[in-house]
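J.: One structure, pasted below without further comment.
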Amino acid sequence: MLKEKILIVDDQFGIRILLTEVLQKEGYQTFQAANGYQAIEIAQKNAPDLVLLDMKIPGMDGIEILKRLKQHDQSIKVIIMTAYGELDMIQEAKDLGALTHFAKPFDIDEIRQAVRQYLPVGLN
């Protein structure tokens, strides 16, 4: 049975590790990217079902990454993570097709539930 694939995009190593551990326990296959260029490359190569995307990334920012992911695959599901209060960015991301957003520091259980909601595991 193929596992649903999740790409975690965050420049903070600790957050990538935390999300990877939690989501692998849930039964997902995970990929990690520390920046936009890695994220695009991994998305093109591995076609993730869902992307957890941090908006504040050095270099290519989250909005640009989101645009490129959607250009490559319009149906890709994206959940964004932002610093508290970045309302303009959140709205722009939703206009571009982001499903929902979490403010950092996030509650890991809320992320787990959201992922399960948008990407039910083992239903293929």
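The values are calculated or read from the model by the stated rules, or taken from the named source; none is laboratory data. Keep in mind the model is a prediction, meaning the values are calculated, not measured. Backbone-built Cβ (ideal geometry, glycine too); neighbour counts: all protein chains shown. SASA here: full protein model, heavy atoms, side chains in, ligands and nucleic acids out. Shrake-Rupley method; radii C 1.70, N 1.55, O 1.52, S 1.80 Å.
J.: HN-Hα J couplings of region 28-41 from phi, Karplus 6.51/-1.76/1.60, θ = phi - 60°, integer Hz, Gly and Pro as x?
T.: Values per residue, Gly and Pro as x: 8, 8, 10, 10, 10, 9, 9, 8, x, 5, 4, 4, 5, 4 Hz.
J.: If I compute solvent accessible area with a 1.4 Å probe over the protein chains, what percent of it on region 56-119 is carbon and sulfur?
T.: Taking all protein chains in place, region 56-119 shows 48 percent carbon and sulfur surface.
J.: Under 17 Å between alpha carbons: how many lysine pairs meet that in region 1-113, if sequence neighbours fewer than 8 apart on the same chain are excluded?
T.: Lysine pairs satisfying the spacing and distance rule in region 1-113 number 16.
J.: Another question about this same structure. So with the 1.4 Å probe, I'd like the accessible area per residue for the chain, rounded to whole Å².
T.: About 53 Å² of surface per residue is accessible.
J.: Can you give the extra length, in nm with one decimal, that the chain gains between residue 116 and residue 84 once fully stretched, where that is 0.36 nm per residue apart less the Cα-Cα distance?
T.: Values: separation 32, 0.36 × 32 = 11.52 nm, distance 2.34 nm.
Stretched fully, the residue 116-residue 84 segment lengthens by 9.2 nm.
J.: In nm, what is the difference between 0.36 nm times the number of residues separating residue 56 and residue 68 and their Cα-Cα distance? Intermediate results must be reported in sequence, preceding the final value.
T.: Details: separation 12, 0.36 × 12 = 4.32 nm, distance 1.59 nm.
Going from the current span to full extension adds 2.7 nm.
J.: Note down the relative contact order for the chain as a percent, whole number, built from C-alpha pairs under 8 angstrom at least six residues apart.
T.: This gives 25 percent for the chain.
J.: Given only helices, namely DSSP H runs of n ≥ 4 each adding -39500 (n - 2.57), what is the per-residue ellipticity at 222 nm of the chain, to the nearest 500 deg cm²/dmol?
T.: -13500 deg cm²/dmol
J.: Region 24-92: percent of C-alpha pairs farther apart than 20 Å?
T.: That tail contains 26 percent of the Cα-Cα pairs.
J.: When only alpha-carbon atoms are used, what values of Rg and Dmax, in angstrom, describe the chain?
T.: So, for the chain, Rg and Dmax equal 13.0, 40 Å respectively.
J.: Using the Cα centre of the chain as the reference point, and only Cβ charges (+1 on K/R, -1 on D/E), how large is the resulting charge dipole? Debye, rounded to the nearest 20.
T.: Charge dipole of the chain: 380 debye, to the nearest 20.
J.: Kirkwood hydrodynamic radius of region 1-44 from all distinct Cα pairs, in Å?
T.: Details: mean 1/r = 0.0941 Å⁻¹.
It works out to 10.6 Å.
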